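Asks: Handing you a structure now.
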Amino acid sequence: MDASGVPEMLDEAMPSGGRPRQLGARTVLLGVMVALNEGRPAQLEAAWRALCNLAVPDQLSLGFATSKDGATHSATYRQVSDTFSVMCHGVDPTPVPSFRSVPEAHRALHLAAARSGVDAVAKEAHLAQLCDALIEASVPAPYKNASRSLAVDWSDHETWSRPRGPENPQPANDPDASWGHAKRNAPGAKDCLFFGYYAQVATMVGDEGNERVPELVRRMALHAPRLDPAGVMAQTLVRLRDDGVPLGDVLADCGYSNRHPATFAAPLRAAGAALVMDLHPADRGRRGTFEGAIACNGALYCPATPAALFDLGPLHRGATPSERAAHDTRAAELASYKFSALAAPDADGYQRVLCPAAAGKVRCPHKAASLALSFNRPSVQGAPEELPRCCAQASITVPPSVNEKTRQKHDYAGPAHRVSYNRRTAAERTFASLADPSIGGIRRGWCRLFGLAKNTIMYALAVAVRNVRIVESFERRRDQEARAAAIAPRRSRRRRHQVSAPGKDEHAGTEAPLTPD
């Protein structure tokens with residue numbers, strides 16, 4: 001908490017003047033984290049009780065208790081609640097005004113007028129900066145540069161408020177929340193609508209070919225479903241890059257890749273990220289041509305590529321070893337017809353690619369040098385008589401607008417893509433750990449506060465506590481494996497087999513009774 005600088009940021013946002021407060025932002029936030037660590041919900045009453053259960057010296061050092069006339073007086077629940085509300089109001093871009101003196105017919109207009117201030121954008125940026133600093137402080141220094149790969153995903157976060165009916169035009173108790181779609185992947189579970197927020201996380205995973213790392217959340221975002229989740233996550237990852245953390249592989253499902261490229265793919269590529277995505281069924285297969293080359297699954301292929309290879313999709317779950325081998329063979333054959341990159345894209349996104357025959361991957365009659373290759377390589381059949389530019393030239397320049405939506409690091413549906421994309425399940429494990437009911441997981445009623453700022457701060461505190469637990473578990477398991485590897489395995493003593501004498505019981509050591517034939 002002290003390393004993040006969050007308490008100072010919140011204390012500065014509080015209004016000054018009047019009698020000094022007994023409680024500061026540091027004490028209230030620590031109370032919430034202690035309650036979350038004990039498996040309690042993110043409620044202010046739970047935070048107050050957690051602070052009350054601390055030892056008296058700890059209460060005095062935190063300012064939760066004061067000593068006067070030889071007696072110790074702890075802060076009341078109302079003081080904790082008031083401090084939390086005041087510190088959140090200073091960073092809330094959409095504050096919920098009081099409707100006590102406003103007629104019901106004018107409450108919607110009063111709410112819109114209260115949120116039309118010019119400092120809403122500044123407060124939103126301040127709230128995002130606060131959550132980023134808190135989560136980044138929960139990542140220990142040895143693991144900050146352990147990996148640059150991130151798995152992103154979003155999940156539903158149902159608010160405690162209930163929406164108003166169509167016959168009631170008044171805003172809900174939580175006017176920042178809105179209706180969203182919750183997708184259930186569990187067997188027998190059905191998709192449904194919910195009223196609340198979308199919670200997004202960017203979880204650190206191990207780089208390709210490197211050792212495993214603790215699956216720590218590097219950034220999170222909470223927003224209403226009315227906003228595009230892909231755009232919010234792209235802005236969050238760009239902020240992470242601006243904070244000095246370089247981006248590596250970004251693993252995303254088709255919920256992100258199906259968005260407009262200017263929303264998700266283009267900003268992340270400009271920030272230096274390498275995308276590893278699952279493609280939506282509507283984005284798979286052939287998608288036009290460029291200079292005669294066929295655009296398919298984010299890459300360019302030879303015009304004479306067999307049409308059956310373009311139907312190659314991701315390997316289905318539960319595939320047998322023979323099916324996997326056949327799938328990888330077709331993927332390798334399709335990769336032979338792919339245009340190869342001659343260099344990395346330039347500053348404007350333009351890239352030079354080489355014909356597969358000129359690269360020595362296939363045999364083509366229009367490239368005389370390729371006919372000297374071994375017959376183990378595929379041979380182009382049915383090459384066009386009137387050569388397009390991609391065949392008349394050895395290489396072509398591809399602008400960034402080609403395959404802008406689906407272009408990624410590995411060939412889609414290939415074995416390299418499958419192995420790399422399987423790391424994305426770390427984001428799903430993150431939500432599973434946050435929703436674990438055995439430790440008071442996140443569910444409806446976990447946080448009974450209204451408003452975007454209060455729910456975001458509570459969710460960020462839960463993610464920080466979860467990061468601390470993940471680090472402790474990872475290091476404990478690593479130490480156990482190191483101790484097990486250091487201990488030499490015991491040599492099993494070989495016991496000589498002894499044949500007992502006839503009529504003797506080898507277990508009891510006495511004569512066994514004789515039985516007739």
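The values are calculated or read from the model by the stated rules, or taken from the named source; none is laboratory data. Given the structure is predicted, the values throughout are model-derived calculations rather than measurements. Virtual Cβ from ideal backbone geometry, glycine too; neighbours counted across all protein chains shown. Protein only, heavy atoms only, side chains kept; ligands, DNA and RNA dropped before computing areas. Shrake-Rupley method; radii C 1.70, N 1.55, O 1.52, S 1.80 Å.
Asks: Tell me, which residue of the stretch 209-235 that is at pLDDT below 95 and among the acidic types (Asp, Glu) is least open to solvent (accessible area, probe 1.4 Å)?
Replies: ASP228
Asks: To continue, here is another question. Kindly state which helices (runs of 4 or more DSSP H) lie completely within the stretch 245-358 and contain at least 3 residues that are open to solvent by 20 Å² or more (accessible area, probe 1.4 Å). So that I can check it myself, show each step before the final result.
Replies: Numbers: elements: 254-257, 265-270, 321-336.
So the answer is 265-270, 321-336.
Asks: Here's something else I'd like to know. For residues in the stretch 420-451 being assigned to a helix (DSSP H, G or I) and without any contact (Cβ under 8 Å) to a residue 60 or more places away in the chain, which is surrounded by the fewest Cβ atoms within 10 Å (Cβ to Cβ)? Give the steps one after another, and end with the answer.
Replies: Narrowing the stretch 420-451 to residues assigned to a helix (DSSP H, G or I): 420-434, 437-439.
Checking the rest, the ones that are also without any contact (Cβ under 8 Å) to a residue 60 or more places away in the chain come to 422, 432-434, 437.
Working: ASN422: 12, ALA432: 12, SER433: 18, LEU434: 23, PRO437: 9.
Once the filter is applied, the top-ranked residue is PRO437.
Asks: Here's a check for you: in the stretch 182-196, which residue that is touching a strand residue (DSSP E or B) at 6+ places or on another chain (Cβ under 7 Å) and small (Gly, Ala, Ser) is surrounded by the fewest Cβ atoms within 10 Å (Cβ to Cβ)?
Replies: If we take residues in the stretch 182-196 being touching a strand residue (DSSP E or B) at 6+ places or on another chain (Cβ under 7 Å) and small (Gly, Ala, Ser), then ALA182 is surrounded by the fewest Cβ atoms within 10 Å (Cβ to Cβ).
Asks: Let me ask another. Output the residues belonging to the stretch 19-74 that are open to solvent by less than 40 Å² (accessible area, probe 1.4 Å) and either on the phi > 0 side of the Ramachandran plot or among the basic types (Lys, Arg) (or both).
Replies: GLY39, GLY63
Asks: Here are the criteria: (1) closer than 20 Å to ARG330 by Cα; (2) in contact with a Ser or Thr (Cβ under 7 Å, 6 or more places away or on another chain); (3) of a type in the set (Gly, Ala, Ser). Tell me which single one ALA426 does not satisfy.
Replies: Unmet condition: (1).
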